[in-house]
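Working notes for the structure below.
All of the numbers you see were taken from the coordinates with simple rules; none came from a lab. All values reported here derive from a predicted model rather than from experimental measurement. Heads up, the Cβs are rebuilt from the backbone with ideal geometry, glycines too, and the neighbour counts pull from every protein chain shown.
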Amino acid sequence: MNSSNSGVVKNSNSLRIKDGSAWIKAGIVLVLIILYAATFPLIFGNIGTGGTALIAIPVAMAGWFFGVNVGLVASLLSIILNTTFLAAYQENSWIQWLLAGWPGNLMVVLIGLISGRLSQTINKYRQIETDLRSRERYLILLKMATNNILNPQKTEDRYYYLINHLVNLFIADYGYFFDWDESQ
């Protein structure tokens, strides 16, 4: 979905680094990856190769924060990181670990994709809900304006209420109503 704000078109699917919260989210994912990398020897020593599944946490966060594409990239990079660590600590071939760990690797990719897709779906539903609320507000204000035009409470204040409803309807700061005088 595209939205326009001050003449600048933004795509909701793109990564907006100008946004301060995007930097914070990227920092959180980076800290989780660094924490995983720093604790890998401890995890691997106590749990074994099953501890490599913990890389799914930063992958899920990356997918949740930034969408499907970043979740997929993060999952592929995490597979490379895990395979490199396992090859270094077990002194086996890098390709051997990559081929032997394909079920776990597939699961990490799925986690990145699913978390990204779930995040995008939830954001889409939030946008739809916001649009529906805006439409409902518009229709209620339109109904109020129509009722005041057709059935004014005070005929002398009819134009005052009409302008108030139109200002609210179009979210304006102020409005004017000019009464046309044919003789002038």
| In a shell of Cβ-Cβ distance under 14 Å around Tyr161, excluding Tyr161 itself, what net charge do Lys and Arg (+1) and Asp and Glu (-1) give? | +1
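Using only Cα atoms, what is the ratio of the radius of gyration of the stretch 23-83 to 2.2 N^0.38 Å? Intermediate results must be reported in sequence, preceding the final value.
On the way: Rg = 11.5 Å, N = 61, 2.2 N^0.38 = 10.5 Å.
Compared with the compact-globule rule of thumb, the stretch 23-83 sits at 1.10.
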| said: How big is the stretch 115-157 along each principal axis, measuring the range of its Cα positions in Å and listing the largest first? | reply: 59, 12, 7
| task | Please state, to two decimals, what the Cα-based radius of gyration of the stretch 107-184 comes to when divided by 2.2 N^0.38 Å (N = residues). | result | 1.95
| field | Rg followed by Dmax, in Å, when the stretch 32-184 is reduced to its Cα trace | value | 30.3, 99
| query | What order, most packed first, do the peptides 61-70, 33-42 have when packing is the mean number of other Cβ atoms within 10 Å of each residue? | reply | 61-70, 33-42
